[in-house]
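Report on the following structure.
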Amino acid sequence: MRYSRQEAFSGLGHGSQQRLNASVVTIVGVGALGTRVAELLCRAGVGKLILIDFDKVELSNLQRQTLFTESDVGISKVEAAADRLRQINSEIEIVSFDKKLAFDVVDGFIIDCTDSLEIAFMINDFCVKSKRAFIHGSAAGSRGTLYCYAADRPCLRCFIPAAKNPETAATSGILNTAVSMVATLQANEAIKHIVGKEMEKSYLRMDVWNNSFDRISVRKKKTCICSQ
Ligand SMILES: [Zn+2]
C-alpha cells in the first residue's frame, strides 16, 4: 500500500519497487541537497540510507534544509535527519555517521550533496578507481548543476576546472527552490539507476530565476585519471 502510487507509474512497477527496497544509497553531506534527497529516497522506499555529515543544525539552515525544525538547532545534522526519516518510513534502515567523509563507511550508490568541489573530486576519484556510479549536484544563488557518473563516462575532472573559489551558498546566497530542483533531479536519477535505467548523460545546468535549463554534452579528457 505504501508504494502503490509509485508502483502505478508506468516507468516503475512492482519489480522496480523491489529493487528500490533492496538498494543501498550513501548520501554525503546532509545539508540543503542532502536532506531533500534523503527525504525523497526514504519516501520512495530505498532500503538502506547511509548519511555522512559532521555539522550541527543552525538557524540559518532552516530556510532550505527540509528535514530540520527549530527544535533541532544545535544538534547533529545526521542524528536529527535520521530521527525524522525514521518517523517518515520505519520500514527502511537509516545509518548515520557524524564525521567527515571516510570511504570505509560508504556503501552502494553514492550521491554527492556537499557544497564542496574538493569533496566532489574525492568522491569522483574514488568512484572512477572503483568503477562505481555516483551523482554530483551543486546549488548556489538561483543556479544548480547535476552530473551522473558511471564507468566509462567522462568524470568530473574532465570538464570541471578545480576553481580556487567556487560559488557556494555562503558566498552567493541560495534560493531553496534552486536546491529543491537539483535535489529532485539527483533523487530521480538515483531511482533510475537503481531500477536499471540509464542515467542522464549530459551535464545539466539550470537557473530557476530565469527558468533556463541547459544540457551540455561532455567528453573525456585524454590526460584525465579516468582515461588511464
Ligand atoms: Zn575524467
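Results for (1) out of contact with any helix residue (DSSP H, G or I) (no Cβ under 6 Å at 6 or more places or on another chain); (2) surrounded by fewer than 17 Cβ atoms within 10 Å (Cβ to Cβ), shown as yes or no for each residue.
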position	(1), (2)
GLN17	no, no
LEU33	no, no
VAL37	no, no
GLY45	no, no
ASP53	no, no
SER60	yes, yes
THR69	yes, yes
VAL73	no, yes
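Identify all residues within the stretch 60-100 that are among the hydroxyl-bearing types (Ser, Thr, Tyr), out of contact with any Asp or Glu (no Cβ under 9 Å at 6 or more places or on another chain) and either modelled with pLDDT under 95 or in a loop (DSSP other than H, G, I, E, B) (or both); write none if there are none.
Residues satisfying the conditions are THR69, SER90.
Give me the pairs, please: first residue somewhere in the stretch 144-168 and within 14 Å of CYS224 (Cβ to Cβ), second residue anywhere and among the polar types (S, T, N, Q) and within 9 Å of the ligand (Cβ to nearest atom), beta-carbon distance under 6 Å, and either six or more positions apart or on two chains.
Listed by first residue and then by second, the contacts come to CYS155/ASN124; LEU156/ASN124.
Counting only residues that are away from the ligand (no atom under 16 Å from the Cβ) and either surrounded by 15 or more Cβ atoms within 10 Å (Cβ to Cβ) or assigned to a strand (DSSP E or B) (or both), how many does the stretch 185-220 have?
Summing the residues that are away from the ligand (no atom under 16 Å from the Cβ) and either surrounded by 15 or more Cβ atoms within 10 Å (Cβ to Cβ) or assigned to a strand (DSSP E or B) (or both) in the stretch 185-220 gives 22.
Out of the residues in the stretch 173-183 meeting the condition of being surrounded by 15 or more Cβ atoms within 10 Å (Cβ to Cβ) and not in a loop (DSSP other than H, G, I, E, B), tell me which one is nearest to the ligand (Cβ to nearest atom).
That would be VAL182.
Looking at (1) within 16 Å of the ligand (Cβ to nearest atom); (2) in contact (Cβ under 8 Å) with a residue 40 or more places away in the chain, can you tell me which one ILE88 breaks?
Failing condition for ILE88: (1).
Count, please, the residues in the stretch 112-159 that happen to be small (Gly, Ala, Ser), in a helix (DSSP H, G or I) and under 23 Å from TRP209 (Cβ atoms).
Qualifying residue count, the stretch 112-159: 0.
Name every residue in the stretch 54-76 that is closer than 27 Å to ALA102 by Cβ and of a type in the set (A, V, I, L, M, F, W, C), in order of residue number.
Residues satisfying the conditions are PHE54, VAL57, LEU67, PHE68, VAL73, ILE75.
Could you tell me which numbered condition VAL25 fails, if it satisfies all but one of (1) in a helix (DSSP H, G or I); (2) over 26 Å from SER71 (Cβ atoms); (3) touching a residue at least 40 places away in the same chain (Cβ under 8 Å)?
Here VAL25 clears every test but (1).
With ALA170, ALA151, ALA162 as the choices, which residue is away from the ligand (no atom under 14 Å from the Cβ), surrounded by fewer than 13 Cβ atoms within 10 Å (Cβ to Cβ), modelled with pLDDT under 95 and not hydroxyl-bearing (Ser, Thr, Tyr)?
ALA170
Can you tell me how many residues in the stretch 103-148 are over 17 Å from LYS201 (Cβ atoms), within 16 Å of the ligand (Cβ to nearest atom) and touching an Asp or Glu at 6+ places or on another chain (Cβ under 8 Å)?
2
The values are calculated or read from the model by the stated rules, or taken from the named source; none is laboratory data. Everything numeric in this text was worked out from a predicted model, so none of it was measured. When we count neighbours, we look across all protein chains shown, and the Cβ atoms used for this are built from the backbone with ideal geometry, even at glycine.
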